[in-house]
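Working notes, structure below.
FYI, it's all coordinate maths here, none of it is from the lab. On a predicted model such as this, the values are computed, not experimentally measured, just so you know. Heads up, the Cβs are rebuilt from the backbone with ideal geometry, glycines too, and the neighbour counts pull from every protein chain shown.
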């Protein structure tokens, strides 16, 4: 079977029944998750409908400035998620700016390179290709960066005494914080490593599934999925490295002292 298959609202309503069953089970088992489940489903539905309407308009207008505006908004919201997911974050503008900047440099930079040199759309910023690709890359980079920073800051606070002891004994800041940095990098890399290891045998990714359902030859769908996974892996790795090393630099000074007063708890 080939060709695009159109879904009706009754199809979506039928699919939502399974979510309603989960809510009923939460009530029955006294889990207290039914309200959160309902709110999350409602938010997802509203957001996707609005995004769909916005993208439809962008595709018809074909404006580089509107495409750039949407891309910037996506970056800012992703940066907000990185900031919010940290139990302890850098104080002031660094708390938002470091993770957002690392993600933007890695995610947006690699996406632009892919659009120009690999996908080759004309123009390269065509929103039909640029925005979905940027969204996939940013979403995964955001997860990696937030996990790395949260792990790094939590580890540094927990092992403060050991780190300061090494600094007092003459170790430089990079040597003293190397164990915490290594743990943060592993945490940041792990989601994309697991995703790549499971792709194909355990799961067929959403992009590849969508292309196959719309009638694209499976071998072509595989090529695009490999391209996307390589881009996501590269952007995630680069973003995690930049954010983690930048945070270590910020949490110390030129005299190789630990500056934990630059961290603040999320509740503050």
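For region 120-141, filtering for residues that are farther than 17 Å from residue 55 by Cβ and free of Cβ contacts under 8 Å to residues at least 40 places away in the same chain leaves 3.
Scanning region 191-209 for residues that are farther than 20 Å from residue 107 by Cα and loosely packed, with under 12 Cβ neighbours inside 10 Å gives 197, 198, 201, 202, 203. If you go through region 242-258 one residue at a time, do you hit one that is closer than 16 Å to residue 94 by Cβ, touching a residue at least 24 places away in the same chain (Cβ under 8 Å), in contact with a helix residue (DSSP H, G or I) (Cβ under 7 Å, 6 or more places away or on another chain) and surrounded by fewer than 17 Cβ atoms within 10 Å (Cβ to Cβ)? Yes, the conditions are met somewhere in region 242-258.
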